[in-house]
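Any read-out appearing in this document is the output of simple, stated calculations on the displayed coordinates, not a laboratory observation. Fair warning: this is a prediction, and the values are worked out from it, not measured in the lab. We place every Cβ from the backbone using ideal geometry, glycine too, and count neighbours over all the protein chains shown.
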Amino acid sequence: MTIPFNDLNRSLSMIEGDLEKAFRNTLSRSRFIKGEEVRIFEQLFSEYIGVDHCIGCGNGTDAIEISLRAFGIGEGDEVIVPVNTCVPTAEAVVNAGAKPVFADVDPVFHTLTSHTAAQKITGKTRALLPVHLYGCPADMDPIMDLARENDLIVIEDCAQAHGAEYKGRKTGSIGNAAAFSFYPTKNLGALGDAGAIVSNDSLFAGKTRMIADHGQSSRDIHVLSGKNSRLDELQAAVLNVKLTRLDHWNRQRIQLAEYYFEKLEDTGLALPRQPDFALHVYHLFVTRFNHREKIIQALRDAGVQTMIHYNYLLPDLSPFSRFCNQESFPVAENLNSTILSLPFFPGMTHDEVDYVCKVIVNAL
Ligand SMILES: *Cc1c(COP(=O)(O)O)cnc(C)c1O
């Protein structure tokens, strides 16, 4: 048996007809930028998240950068980022001209906390950038309190948390703004690169829309220096089809996680946990193993693909080492030396989970 880490075909094949119809409609309208599909998606996605504004853009990295710029954050400013997130979170801060300052994370949920962030606040700190890593919401209330006390902006990185909830509210509706990626493998994914910014702040929303579109306020009126980062019609048409299935696919992810729990509960492994206050949407299923290499090898020999998210801490990478001064991140270092992401995707069968778990149990 071979089991891929992810298989997008399992979910895409369910909506092939709807996608083809969406392609044909987009082709017949022949308007590929700033058209009807984008307008509809922005409306539907803002309603889904429960915010006033959604602004489509080119990708999730740009969504973070544009948000920072729209809040006036850049040169000389510091932005606190969890040390164990993937590259784009910190890269976007650098792209905006600001300095990423890395903070350690919660030992159970892998997310930034108000305590780890508080230790990194200086006179130059302007924003907190919590990441709802693997689909698990960060504990936002204390983070928002910390931000209020220190006059900081909070931008949620929701790239892995479409549809996740914090105390009954969707992630993305809690901070001053939030950034989404619709990279194909995300819980809501396009068929290429795409992203969005959401917020309740009208002034901010208007500014992000201008920055993403060459700084234009209206045609040929360029009021600030922007960039080209627009959500295109074809990707928006795909997202409009897929958004109607997001909750269904997230429920499949949750059921699949519960099945993994059932099969692995007697092993004593550190399995993903859902905080009391949250609905976890399991973008990834990340377990921890003390002898990770042995398990990876056993799974590989049995035809099972695994991955590590992420096999680094950001300061270990050359683009970010200059932002870090011999600091240590004991919690994240410990987590990241043991994490392993198991095959996990909507449409994965119980037989496949059985097989993966049997190999793990035998190898332990
Ligand atoms: C995917 C991802 C991004 C970046 O999204 P792109 O659309 O690939 O630019 C940012 N942050 C996190 C946590 C992500 O997983």
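Selection of segment 23-52 for residues being without any contact (Cβ under 8 Å) to a residue 24 or more places away in the chain, among the charged types (D, E, K, R) and closer than 20 Å to Arg245 by Cα yields Arg39, Glu47. Cβ-Cβ distances below 6 Å connect the following pairs, each with a first residue in segment 180-200 that is of a type in the set (Ser, Thr, Tyr), a second residue that is surrounded by 24 or more Cβ atoms within 10 Å (Cβ to Cβ) and in a strand (DSSP E or B), and a separation of six or more residues or different chains: Ser181/Gly195; Ser199/Ala177. Across segment 52-106, which residue is nearest to Leu133 (Cα to Cα) among those that are among the acidic types (Asp, Glu) and away from the ligand (no atom under 14 Å from the Cβ)? Step by step, filter segment 52-106, then rank; the result is Asp106.
Tell me, please, whether a residue that is within 19 Å of Tyr134 (Cβ to Cβ) and either touching a Lys or Arg at 6+ places or on another chain (Cβ under 9 Å) or in a helix (DSSP H, G or I) (or both) can be found in segment 229-247.
Here is the first cut: in segment 229-247, the ones within 19 Å of Tyr134 (Cβ to Cβ) are 246-247.
Imposing the further condition that a residue be either touching a Lys or Arg at 6+ places or on another chain (Cβ under 9 Å) or in a helix (DSSP H, G or I) (or both) reduces the set to 246-247.
Yes, segment 229-247 has at least one match.
A single member of Ile66, Ile15 is surrounded by fewer than 21 Cβ atoms within 10 Å (Cβ to Cβ), in contact (Cβ under 8 Å) with a residue 24 or more places away in the chain and on the phi < 0 side of the Ramachandran plot, and it is Ile15. If the condition is being farther than 22 Å from Phe329 by Cα and without any contact (Cβ under 8 Å) to a residue 12 or more places away in the chain, then segment 280-296 contributes only Glu293.
Tell me which residues, restricted to segment 107-139, are assigned to a strand (DSSP E or B), of a type in the set (Val, Ile, Thr) and more than 15 Å from the ligand (Cβ to nearest atom).
Thr125
Being farther than 30 Å from Leu335 by Cα, more than 16 Å from the ligand (Cβ to nearest atom) and surrounded by fewer than 18 Cβ atoms within 10 Å (Cβ to Cβ) is a condition met by no residue of segment 253-274.
For (1) within 17 Å of Glu327 (Cα to Cα); (2) surrounded by 24 or more Cβ atoms within 10 Å (Cβ to Cβ), each residue gets a yes or a no:
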residue: Val93; (1), (2): no, yes
residue: Gln119; (1), (2): yes, no
residue: Gly123; (1), (2): no, no
residue: Leu129; (1), (2): no, yes
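Of everything in segment 174-228 that is surrounded by fewer than 15 Cβ atoms within 10 Å (Cβ to Cβ) and either in a strand (DSSP E or B) or among the aromatic types (Phe, Trp, Tyr) (or both), the residue that is nearest to the chain's Cα centre (by Cα) is Asn228.
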